[in-house]
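Colleague: Take this structure first; my questions come after.
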Amino acid sequence: VGSMCKYVLVLLCCVAIATGENINNDDMKEDEKGIIEEDLSDYLKEEGVLYKTVWKPKDCAGPIKDGDVVTMNVEYSGQKDDGTEVEMEHALTTKIGRGQTIRSKGDGLFGMCLGERRRLVVPQHVLRNQYKKVLPGILDSVKTYLDVEVTKINEMSWHKFESGLRMAMLEPVESEFCNRTVVYGDTLSVDYEGTLENGKVFDSSANRGTPFGPFVHGKRQIIDGYTETLEGRCLGERWRMTVPPHLAYGDDGVGDDILGGATLTFDVRLVQLNDNLWSDEVRDRKVLGWEEIYKPEVCEEMVGFDDELYIHYDATREDKSKFGSLVDNNPPYGPFSLSDRGTFVPALD
């Protein structure tokens, strides 16, 4: 009997060990694993909202202040109409200040720079009072995480290219002051200042006493970062671009200051577009205009935002040749609609 007990004991131990080895965390259900809370020790607190900066440009355009009109891209956990829970993304535009969706204090967003990303931890009462009405489908939970990126502050805007280049448009030129935009083959010159990641200025047109140029756009006479951001620009526009190494001087670098693999920042203004040079006079000169050639005596309905429109038109190119539905005997152009930012033809708005 004693011998049999020994065998039974060994068998039980083997079974227990084998069972333990077969436990795999990947096979466990979500409710068996439990929820791993994020470490909030590096978050700052503003009233009931916790926040931290995830990424911030080296040079701050802005920051957000009272009265600014700001557009933010917000990522959050939401619910579709069919009840499915998904990660959602929504562009939220709001004015900053008292009585607005985003206040000057208490929301963890005041003082953000253009392009900056923050993560917010929002308590339920703030979620219900402020965000439920402006973020479609957001889940109502005790603690909500929001990932926020500032993409526009007033007229300044933030752009990310697939190449990895980032650009802050600091001084855009409105349509009525933009005669044309840069295309392949244009002759250009730029004012610029180039800085390293540590903030050191390695070159500038101010130090040289003259703009860089003229050069021909698209002919590889300048680093690729310039080529990518110059396309579609108006004379006089100013922007700041952060250029990764493969769009600048690569692994080899150049000179004593720009080492291999360097990421560079350039503050740029387009000051020449073919025969046109930037000046205060050009800045204030409107190039867009229109005149009314016919209007019905009784106007039955005025065009408004989001109305669906069709138009007949004829147009004249720079070489005086004509085109359009009236010239080519084509059906009217449409449908299209106006928006609060207008169409791609400002004279129609």
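Colleague: Convex hull over the Cα atoms of region 113-241, averaged projected area in nm²?
Modeller: 11.3
Colleague: So, one more: What is the set of long-range amide H partners of Ala61 at a cut-off below 5 Å, with H atoms built 1.01 Å from backbone N?
Modeller: For Ala61, whose amide H was placed from the backbone, the distant partners under 5 Å are Leu114.
Colleague: For Phe323 and Tyr184, FRET efficiency with R0 = 22 Å and r from the beta-carbon atoms, rounded to 0.05?
Modeller: 0.55
Colleague: I want to check the label-to-label distance for Lys52 and Glu228. Put each point 7 Å from Cα in the C-beta direction and report it in nm to one decimal.
Modeller: Modelled inter-label distance: 2.9 nm.
Colleague: 5 Å is the cut-off here: which amide hydrogens, built 1.01 Å from N in the peptide plane, fall below it relative to Leu270, excluding neighbours closer than 5 in sequence?
Modeller: Gly236, Glu237
Colleague: A further question on this structure: Rounded to whole Hz and in sequence order, give me ³J(HN,Hα) for region 109-125 from the Karplus expression 6.51 cos²θ - 1.76 cosθ + 1.60, θ = phi - 60°, writing x for Gly and Pro.
Modeller: Once θ is set to phi - 60°, the couplings for region 109-125 become 10, 5, x, 6, 8, 4, x, 6, 10, 10, 10, 10, 10, 10, x, 4, 5 Hz.
Colleague: Take peptides 237-246, 208-217 and line them up by average Cβ neighbours within 10 Å, highest first, as a rough protection proxy.
Modeller: Values: 237-246: 20.6, 208-217: 14.9.
Top of the packing list down: 237-246, 208-217.
Colleague: Quick one: if you stick a label point 7 Å off each Cα along the C-beta vector at Ser337 and Glu75, how many nm between them?
Modeller: 2.9
Colleague: First check a/c for region 41-185, with a ≥ b ≥ c the square roots of the eigenvalues of its C-alpha gyration tensor; if it is under 1.5, answer rounded, and if not, answer prolate when a/b is larger than b/c or oblate otherwise.
Modeller: prolate
Colleague: In nm, give the distance between the simple-model label positions of Glu301 and Leu139, each being 7 Å from the Cα along the Cα-to-Cβ direction.
Modeller: 4.4
Colleague: Would you mind getting the accessible area per residue of region 134-253, heavy atoms of the protein chains only, 1.4 Å probe, in Å²?
Modeller: 48
Colleague: Tally Lys and Arg at +1 and Asp and Glu at -1 over the other residues with C-beta under 10 Å from the C-beta of Leu165: what net charge comes out? Please list the in-between numbers first.
Modeller: Details: positive: Lys160, Arg166; negative: Glu162, Asp224, Glu228.
Within the 10 Å Cβ shell, the charges total -1.
Colleague: Going through the cross-link list Lys58/Lys133; Lys132/Lys160; Lys45/Lys200; Lys200/Lys286; Lys133/Lys160; Lys152/Lys322, which pairs have a Cα-Cα distance over 31 Å in this structure?
Modeller: Working: Lys58/Lys133 34 Å; Lys132/Lys160 28 Å; Lys45/Lys200 34 Å; Lys200/Lys286 38 Å; Lys133/Lys160 28 Å; Lys152/Lys322 38 Å.
Where the Cα-Cα span goes over 31 Å, the pairs concerned are Lys58/Lys133; Lys45/Lys200; Lys200/Lys286; Lys152/Lys322.
Colleague: Apply the Karplus curve 6.51 cos²θ - 1.76 cosθ + 1.60, θ = phi - 60°, to the phi angles in region 46-60 and return the couplings in whole Hz, x for Gly and Pro.
Modeller: 10, 6, x, 9, 9, 8, 8, 7, 8, 7, 8, x, 4, 10, 8
Colleague: Run the paramagnetic zone check for Glu174: 7 angstrom along Cα to Cβ, then residues of region 138-153 with backbone nitrogen under 20 Å.
Modeller: Of the residues in region 138-153, 152-153 have backbone N under 20 Å from the label point off Glu174.
Colleague: Across 5 Å bins from the origin, how do the percents of Cα pairs in region 207-315 run, short distances first?
Modeller: Taking every Cα pair in region 207-315, the percentages come to 2, 8, 13, 15, 13, 9, 8, 9, 7, 5, 5, 3, 1, 1, 0.
The values are calculated or read from the model by the stated rules, or taken from the named source; none is laboratory data. These numbers were taken from a predicted model, which means no experiment stands behind them. In this analysis, Cβ positions are derived from the backbone assuming ideal geometry, glycine residues included, and neighbour counts consider all displayed protein chains. With ligands, DNA and RNA removed, areas are computed over all heavy atoms of the protein, side chains included. Shrake-Rupley method; radii C 1.70, N 1.55, O 1.52, S 1.80 Å.
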